[in-house]
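Just so it is clear, none of the values below were taken in a lab; they were calculated from the coordinates. Note that the coordinates shown come from a computational prediction; the quantities given were computed from them, not determined experimentally. FYI the Cβ positions are ideal-geometry reconstructions off the backbone, even for glycines, and counts take in every protein chain you see.
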Amino acid sequence: MAEYVPSPVKWAADQVALYESSGGTEGITLLDTGLPVIIVTHRGNKTGAVRKTPLMRVKDGGGYVLVGSRGGAPAHPVWVHNLRTDPSVQIQDKTEVFSMRVREVQGADERARLWALAVEAFPPYKDYRNKTERLIPVFLAEPA
Ligand code: F42
């Protein structure tokens, strides 16, 4: 089993550590916003390392909408490349861990529907979209 390599982004790595060490009872929101966060475990497409990424929790039925916003930065978060390469992920949502498969959302109608859910769950996504020229990747994680 490949080893887990924490993110170099300290606040993200710290959130993963608290989330996991507390069994999903602490570190489960974005700072003091009260908005829920999930932890996505995925495989590094270059190193094969186990990577863990906190993302906002956006539910779509039994699935989760994963938004590659990175605060509206000009470049995609690199976890996007990992998911595009290996769609098998685990998602921890509080105390539960699910094995899921992700697919990148391509159709305009589905994208519009899922984007609306994302913005409803985390309004700043709207600002991030306005901050960057790139099309923010949206994935749907569904039970494997
Ligand atoms: N980021 C979002 O994009 N969307 C969200 O909704 C979101 C919510 C959120 C909530 C809480 C929180 O603490 C963080 C949150 N973030 C959110 C930030 C998110 O957790 C990530 O930190 C951010 O999206 C950046 O992701 P990233 O994958 O680009 O992270 C970089 C900094 C990183 O980890 N880089 C590593 C490094 O060493 O530079 C490499 C990681 C990696 O996956 N490497 C691959 C490998 O093979 O191992 C190669 C990747 C490649 O192709 O280059």
- Cα centroid distance between the range 6-78 and the range 86-144, in Å? 12 Å
- Query: residue 126: which lysines have alpha carbons under 26 Å from its alpha carbon, excluding same-chain residues fewer than 8 sequence positions away?
  - Reply: 10, 52, 59, 94
- About the Cα centre, charge dipole magnitude for the chain (Lys/Arg +1, Asp/Glu -1 at Cβ), debye: 420 debye
